[in-house]
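Participant: Structure below; questions to follow.
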Amino acid sequence: MPKSALSNASTHSARAGRPLKVLHVLPWITHGGVEKRRLELIQKLDPERYEQRFLTTRADGAVATALAKANIPVTVIEGPWSILNLDAIHAVQSYAAEWKPDIIHGAVFEGCVMAALGGYLAGVPHRIIEETAGSPHRSWRGDLLLSGVAALATYCVGISPYTAQFLQDRSQVPAEKVRVVVNGTPFPRELDANEKLAARERFGIPEDALVVGCLGRMFDSIKRFSDLITAVATLEHPTQPVYLLLGGDGPDLEKLKAFAKKQGVADRVIFAGFHGDVAPLYGCMDIFALASVFEGFGLVLAEAMSVSIPVVATRVGAIPFIVEDETSGLLVPHSSPKELAASLQRLIDSPELRTTFGEAGRIRAREDFSSERYVGDVERLYTDLTGAIS
């Protein structure tokens, strides 16, 4: 297994040379961005210095398979996870009391609740909760609950400056308790010209098509794939057909297929489904577009930028932190297919602008959003917390 991203970080010999014990608490382990980030910690933190385990309500999919192959213990505690489920809280408490982790690290709202409550009751020395969404639609009850949970946490992590500020503004978390650990991601493999042609053939896209693409869970109320479909219906190029490639699965998939048919573009909208290897999907794209109504981060933007794909995205949440408007891409208001279409058309009409934005985005992504940088920042947080054993 790869060694730590911080090769010169302090060791933990003060505790008889044993590894630092980290218990990750996630409400599910499937193939989402949160789980993938924790898998990066498994793969890149030195196992001689860190012993890591997981608690969850559900473990299936690509990340769960990778954890099993790495022999990482994953314990399923039945849900739903909430402050009202005393059995679940007690189960987390009991597990933590028996294993005695140095750090309990929860993410996603339910995971934060369980990590803070269970960890506090078990006497875990350091309790981290991680805000990954920053949804403006969270209820006042949710904000109040997170505020109470944050009071039990050592640190509250935001995965972007936006989510860190969200913790302070919406849940009134004191600034001194908030830490920013900016997300990072493994960059997709770059395809050569022949591989790109093969990928287009695989997905039924003509060789000469100009392709707008997006990846994500098919939750249309959040990701607004329907706005992309509406926009693509109006796009045109004098010599090339314009296609839309959508990767991912989710509850609104069939509804979106029906919507594409209603808009008269079903023959130019490709629903590729979920793919563990996203490189062929990015290899087909000329432009990446994200029409979300909110984003705590937006890892797909960093992935697309890392392989020189220019971006059009909504000006919401953390997106303006990732995409520099008029430098690496174009930002538009959310829920506005007309303005989305106008910016996409601008890039369709200007290959030079696509190249300029793509090159700038590549530099930005590879300098600031790599998985190595992310793992290094998390390790610094862990060693800062546990300085007494450094």
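The values are calculated or read from the model by the stated rules, or taken from the named source; none is laboratory data. Keep in mind that this is a model prediction, so the values were computed, not measured. Note that we place each Cβ from the backbone using ideal geometry, even for glycine, and neighbour counts take in every protein chain shown.
Participant: So, in segment 167-207, exactly how many residues are touching a residue at least 60 places away in the same chain (Cβ under 8 Å), farther than 30 Å from Leu245 by Cβ and of a type in the set (A, V, I, L, M, F, W, C)?
Facilitator: Result for segment 167-207: 1.
Participant: Right, another one. Got at least one residue in segment 76-87 being of a type in the set (S, T, N, Q) and within 13 Å of His24 (Cβ to Cβ)?
Facilitator: No; the residues of segment 76-87 include none that is of a type in the set (S, T, N, Q) and within 13 Å of His24 (Cβ to Cβ).
Participant: Still on this structure: Among the residues of segment 81-138 satisfying the criterion of being surrounded by fewer than 20 Cβ atoms within 10 Å (Cβ to Cβ) and among the charged types (D, E, K, R), which is farthest from Ser171 (Cα to Cα)?
Facilitator: Glu98
Participant: Scan segment 321-348 for residues that are touching a residue at least 24 places away in the same chain (Cβ under 8 Å) and closer than 19 Å to Gln240 by Cβ and jot them down.
Facilitator: The answer is Ala341, Ser343, Leu344, Gln345, Leu347, Ile348.
Participant: Got at least one residue in segment 336-346 being under 13 Å from Pro310 (Cβ atoms), basic (Lys, Arg) and modelled with pLDDT of 95 or more?
Facilitator: So far as segment 336-346 goes, yes, one or more of its residues are under 13 Å from Pro310 (Cβ atoms), basic (Lys, Arg) and modelled with pLDDT of 95 or more.
Participant: Please verify whether Arg315 is in the same structural domain as Leu235 (by TED's automatic domain parsing) and farther than 28 Å from Val34 by Cβ, treating the condition exactly as stated.
Facilitator: It is false that Arg315 is in the same structural domain as Leu235 (by TED's automatic domain parsing) and farther than 28 Å from Val34 by Cβ.
Participant: Taking the residues in segment 108-167 that are in contact with a Gly (Cβ under 7 Å, 6 or more places away or on another chain) and hydroxyl-bearing (Ser, Thr, Tyr) as candidates, determine which candidate is nearest to Asp368 (Cα to Cα).
Facilitator: In this case the residue turns out to be Ser160.
The rows are residues; the columns are (1) without any contact (Cβ under 8 Å) to a residue 24 or more places away in the chain; (2) hydrophobic (A, V, I, L, M, F, W, C).
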{"site": "Lys69", "(1), (2)": "yes, no"}
{"site": "Ile72", "(1), (2)": "no, yes"}
{"site": "Gly79", "(1), (2)": "no, no"}
{"site": "Gln93", "(1), (2)": "no, no"}
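Participant: Can you tell me which of (1) surrounded by fewer than 19 Cβ atoms within 10 Å (Cβ to Cβ); (2) closer than 24 Å to Ser292 by Cβ is the one Glu352 doesn't meet?
Facilitator: For Glu352, the failing item is (2).
Participant: Follow-up question, since we're still on this one. Does Tyr162 satisfy the criteria of being in the same structural domain as Thr383 (by TED's automatic domain parsing) and touching a Phe, Trp or Tyr at 6+ places or on another chain (Cβ under 7 Å)?
Facilitator: yes
Participant: Go through (1) in a loop (DSSP other than H, G, I, E, B); (2) polar (S, T, N, Q); (3) under 30 Å from Pro351 (Cβ atoms) and name the single condition Asn194 misses.
Facilitator: Going through the list (1) in a loop (DSSP other than H, G, I, E, B); (2) polar (S, T, N, Q); (3) under 30 Å from Pro351 (Cβ atoms), Asn194 breaks only (1).
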